[in-house]
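Quick notes on the structure that follows.
The values are calculated or read from the model by the stated rules, or taken from the named source; none is laboratory data. Since this is a predicted model, take the numbers as computed values, not measurements. Quick reminder, even Gly has a Cβ in these numbers, built from the backbone with ideal geometry, and neighbours come from all protein chains shown. Please note that ligands, DNA and RNA were not included when accessible areas were found on the heavy atoms of the full protein model with its side chains. Shrake-Rupley method; radii C 1.70, N 1.55, O 1.52, S 1.80 Å.
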Amino acid sequence: APFPGWKMMAAFLTSLVSLTYLTAATSTVAMRYRLPDIARPFRLRCVTLVSILGVFASSLIFIWGGWSIVSKAGFAVFIAIFLLWLYRKFGAKDESMSWNFRESIWFWFYIIAVTIASYFSAFGGIGVLNLYSLAVVLLVISGITVLLARIYSLSAEEMLSGIDKALESCPSNQ
(Lines give C-alpha, C1' and ligand atoms only; values in the text may rest on other atoms or scores of the structure.)
Protein backbone atom coordinates (compact mmCIF):
# COMPACT_ATOMS: atom_id res chain seq x y z
CA ALA A 1 0.00 0.00 0.00
CA PRO A 2 1.30 3.47 -0.81
CA PHE A 3 0.63 4.75 2.71
CA PRO A 4 0.34 2.82 5.99
CA GLY A 5 -3.29 3.78 6.53
CA TRP A 6 -4.49 2.67 3.10
CA LYS A 7 -4.90 -0.99 4.00
CA MET A 8 -7.01 -0.08 7.03
CA MET A 9 -9.04 2.42 5.01
CA ALA A 10 -9.66 -0.16 2.26
CA ALA A 11 -10.78 -2.74 4.83
CA PHE A 12 -13.09 -0.20 6.47
CA LEU A 13 -14.66 0.87 3.17
CA THR A 14 -15.07 -2.74 2.02
CA SER A 15 -16.89 -3.51 5.24
CA LEU A 16 -19.17 -0.51 4.81
CA VAL A 17 -19.88 -1.39 1.19
CA SER A 18 -20.82 -4.91 2.26
CA LEU A 19 -23.53 -3.36 4.45
CA THR A 20 -25.16 -1.85 1.37
CA TYR A 21 -25.82 -5.36 0.07
CA LEU A 22 -28.12 -5.93 3.04
CA THR A 23 -30.68 -3.62 1.53
CA ALA A 24 -31.02 -5.73 -1.62
CA ALA A 25 -31.78 -8.90 0.31
CA THR A 26 -34.13 -7.27 2.82
CA SER A 27 -35.91 -5.16 0.19
CA THR A 28 -36.45 -8.18 -2.03
CA VAL A 29 -38.12 -10.21 0.70
CA ALA A 30 -40.16 -7.22 1.90
CA MET A 31 -41.40 -6.44 -1.60
CA ARG A 32 -42.26 -10.06 -2.29
CA TYR A 33 -44.28 -10.13 0.94
CA ARG A 34 -46.04 -6.77 0.48
CA LEU A 35 -46.28 -6.67 -3.34
CA PRO A 36 -46.55 -10.30 -4.45
CA ASP A 37 -48.36 -9.45 -7.71
CA ILE A 38 -46.23 -6.52 -8.88
CA ALA A 39 -44.82 -6.87 -12.37
CA ARG A 40 -41.17 -7.93 -12.33
CA PRO A 41 -38.78 -9.10 -15.04
CA PHE A 42 -38.25 -12.54 -13.49
CA ARG A 43 -39.50 -14.66 -10.61
CA LEU A 44 -36.98 -15.61 -7.95
CA ARG A 45 -37.80 -18.93 -6.33
CA CYS A 46 -37.10 -19.45 -2.63
CA VAL A 47 -36.80 -15.69 -2.12
CA THR A 48 -36.61 -15.95 1.67
CA LEU A 49 -33.77 -18.48 1.53
CA VAL A 50 -31.92 -16.45 -1.11
CA SER A 51 -32.36 -13.30 1.01
CA ILE A 52 -31.05 -15.04 4.14
CA LEU A 53 -28.02 -16.27 2.20
CA GLY A 54 -27.49 -12.76 0.81
CA VAL A 55 -27.48 -11.25 4.29
CA PHE A 56 -25.22 -14.08 5.46
CA ALA A 57 -22.69 -13.46 2.65
CA SER A 58 -22.71 -9.73 3.35
CA SER A 59 -22.21 -10.46 7.04
CA LEU A 60 -19.18 -12.64 6.37
CA ILE A 61 -17.55 -9.91 4.31
CA PHE A 62 -18.39 -7.34 6.98
CA ILE A 63 -17.12 -9.38 9.91
CA TRP A 64 -13.93 -10.61 8.21
CA GLY A 65 -12.72 -7.03 8.48
CA GLY A 66 -12.21 -7.78 12.16
CA TRP A 67 -13.42 -6.34 15.42
CA SER A 68 -11.50 -3.09 14.97
CA ILE A 69 -13.29 -2.43 11.67
CA VAL A 70 -16.74 -3.65 12.76
CA SER A 71 -16.70 -1.59 15.94
CA LYS A 72 -15.68 1.53 14.01
CA ALA A 73 -18.31 0.87 11.34
CA GLY A 74 -21.02 0.48 13.96
CA PHE A 75 -19.87 3.69 15.59
CA ALA A 76 -19.85 5.44 12.19
CA VAL A 77 -23.45 4.34 11.54
CA PHE A 78 -24.60 5.77 14.86
CA ILE A 79 -22.74 9.05 14.19
CA ALA A 80 -24.35 9.27 10.74
CA ILE A 81 -27.82 8.75 12.22
CA PHE A 82 -27.12 11.38 14.87
CA LEU A 83 -25.97 13.86 12.21
CA LEU A 84 -29.08 13.09 10.17
CA TRP A 85 -31.18 13.77 13.26
CA LEU A 86 -29.40 17.10 13.79
CA TYR A 87 -29.94 18.02 10.15
CA ARG A 88 -33.61 17.14 10.36
CA LYS A 89 -34.04 18.99 13.66
CA PHE A 90 -32.15 22.20 12.88
CA GLY A 91 -31.44 22.29 9.13
CA ALA A 92 -33.84 20.85 6.61
CA LYS A 93 -37.51 21.62 6.87
CA ASP A 94 -38.34 19.13 4.12
CA GLU A 95 -40.98 16.88 5.65
CA SER A 96 -41.07 14.56 2.63
CA MET A 97 -38.21 12.53 4.14
CA SER A 98 -39.60 10.13 6.70
CA TRP A 99 -37.61 8.42 9.44
CA ASN A 100 -39.45 5.11 9.11
CA PHE A 101 -37.87 3.99 12.38
CA ARG A 102 -40.23 1.04 12.82
CA GLU A 103 -39.35 -0.17 9.33
CA SER A 104 -35.63 0.02 10.10
CA ILE A 105 -35.76 -2.16 13.21
CA TRP A 106 -34.16 -4.98 11.22
CA PHE A 107 -31.10 -2.82 10.59
CA TRP A 108 -30.65 -1.85 14.24
CA PHE A 109 -30.99 -5.47 15.29
CA TYR A 110 -28.47 -6.47 12.63
CA ILE A 111 -25.83 -3.85 13.52
CA ILE A 112 -26.03 -4.59 17.24
CA ALA A 113 -26.07 -8.39 16.81
CA VAL A 114 -23.20 -8.49 14.31
CA THR A 115 -21.13 -6.11 16.41
CA ILE A 116 -21.59 -8.40 19.42
CA ALA A 117 -20.75 -11.46 17.30
CA SER A 118 -17.63 -9.71 16.02
CA TYR A 119 -16.52 -8.92 19.56
CA PHE A 120 -16.73 -12.62 20.46
CA SER A 121 -15.17 -13.78 17.17
CA ALA A 122 -11.65 -14.91 16.42
CA PHE A 123 -11.40 -12.03 13.90
CA GLY A 124 -9.81 -9.51 16.22
CA GLY A 125 -12.33 -10.13 19.00
CA ILE A 126 -11.84 -12.12 22.19
CA GLY A 127 -11.80 -15.42 20.28
CA VAL A 128 -14.74 -17.27 21.85
CA LEU A 129 -16.30 -17.95 18.41
CA ASN A 130 -14.18 -19.73 15.82
CA LEU A 131 -15.04 -19.50 12.12
CA TYR A 132 -17.60 -22.32 12.21
CA SER A 133 -19.45 -21.27 15.34
CA LEU A 134 -19.38 -17.67 14.10
CA ALA A 135 -20.90 -18.83 10.79
CA VAL A 136 -23.77 -20.51 12.66
CA VAL A 137 -24.35 -17.36 14.73
CA LEU A 138 -24.28 -15.18 11.59
CA LEU A 139 -26.73 -17.51 9.84
CA VAL A 140 -29.16 -17.17 12.75
CA ILE A 141 -28.68 -13.39 12.78
CA SER A 142 -29.29 -13.35 9.01
CA GLY A 143 -32.53 -15.32 9.38
CA ILE A 144 -33.82 -13.04 12.13
CA THR A 145 -32.80 -9.96 10.13
CA VAL A 146 -34.73 -11.10 7.04
CA LEU A 147 -37.76 -12.02 9.18
CA LEU A 148 -37.73 -8.59 10.85
CA ALA A 149 -37.35 -6.87 7.47
CA ARG A 150 -40.38 -8.76 6.19
CA ILE A 151 -42.55 -8.12 9.25
CA TYR A 152 -41.67 -4.45 9.71
CA SER A 153 -41.52 -3.40 6.07
CA LEU A 154 -43.31 -0.42 4.58
CA SER A 155 -46.92 -0.91 3.56
CA ALA A 156 -47.67 -1.82 -0.04
CA GLU A 157 -48.98 1.72 -0.67
CA GLU A 158 -45.80 3.32 0.73
CA MET A 159 -43.63 1.01 -1.37
CA LEU A 160 -45.54 1.82 -4.55
CA SER A 161 -45.33 5.53 -3.77
CA GLY A 162 -41.57 5.25 -3.25
CA ILE A 163 -41.16 3.34 -6.51
CA ASP A 164 -43.16 6.02 -8.37
CA LYS A 165 -41.06 8.82 -6.84
CA ALA A 166 -37.84 7.04 -7.74
CA LEU A 167 -38.97 6.49 -11.33
CA GLU A 168 -40.04 10.14 -11.66
CA SER A 169 -36.59 11.30 -10.60
CA CYS A 170 -34.77 9.14 -13.17
CA PRO A 171 -33.25 11.26 -15.95
CA SER A 172 -34.53 8.81 -18.57
CA ASN A 173 -38.13 9.45 -17.43
CA GLN A 174 -37.96 13.23 -17.65
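Could you look at the range 84-162 and say what percent of its accessible area is carbon and sulfur, using a 1.4 Å probe and all protein chains?
Heavy-atom surface of the range 84-162 belonging to carbon and sulfur, 1.4 Å probe: 70 percent.
Label Ala80 and Val17 with points 7 Å out from Cα along Cα→Cβ: what is the distance between them in nm?
Label at Ala80, label at Val17, 1.4 nm between them.
Compute the accessible area per residue over the chain, keeping the other protein chains in place, probe 1.4 Å, unit Å².
62
Can you list the residues, at least 5 places off or on another chain, whose amide H is less than 5 Å from the amide H of Leu129, using H built in the peptide plane?
Here the answer is Ser121, Ala122, since their amide H atoms fall under 5 Å of that of Leu129.
If you build a Gaussian network model of the chain, linking Cα atoms that sit under 10 Å apart, which residue out of Thr48, Thr14, Thr26 swings the most?
Per the Cα network of the chain with a 10 Å cutoff, Thr14 tops the list.
Given the protein chains as shown and a 1.4 Å probe, how many square angstrom of Tyr33 are accessible, to the nearest 10?
110
Report the one residue of Phe42, Leu13, Thr26 whose Cα lies farthest in the direction of the positive end of the charge dipole of the chain (charges on C-beta: Lys and Arg +1, Asp and Glu -1; origin at the Cα centre).
Working it through, the farthest residue towards the positive pole turns out to be Leu13.
Is the C-alpha gyration tensor of the range 66-151 telling us rounded, prolate or oblate? Criteria: a/c under 1.5 is rounded; beyond that, a/b larger than b/c is prolate, otherwise oblate.
Oblate, because a/c is 1.5 or more while a/b does not exceed b/c.
List the lysines whose Cα sits under 27 Å from the Cα of Lys89, skipping any in the same chain fewer than 8 residues away.
Of all the lysines, those that pass the test against Lys89 - Cα under 27 Å, at least 8 places apart if same chain - are Lys72, Lys165.
Most fluctuating residue of Ser58, Ser161, Ser153 in a GNM of the chain with Cα springs under 10 Å: which is it?
Comparing Ser58, Ser161, Ser153 in the GNM, the peak value goes to Ser161.
Could you go through the range 8-16 in sequence order and give the Karplus-derived ³J(HN,Hα) for each residue, using 6.51 cos²θ - 1.76 cosθ + 1.60 with θ = phi - 60°, rounded to whole Hz, and x for Gly and Pro?
3J(HN,Hα) across the range 8-16, in whole Hz: 5, 5, 5, 5, 5, 5, 4, 4, 5.
When a/c is below 1.5 the answer is rounded, else prolate if a/b is larger than b/c, else oblate, so apply that to the range 1-145 with a ≥ b ≥ c taken from the square roots of the Cα gyration tensor eigenvalues.
oblate
Using the crude model of +1 on Lys and Arg Cβ and -1 on Asp and Glu Cβ, and no other charge, please compute the dipole size for the chain relative to its Cα centre, in debye to 20.
With only Lys, Arg, Asp and Glu charged at Cβ, the dipole is about 260 debye.
Around Gly66, what is the net charge, scoring Lys/Arg as +1 and Asp/Glu as -1 over all other residues with Cβ under 14 Å from its Cβ?
Net charge in that neighbourhood comes out at +2.
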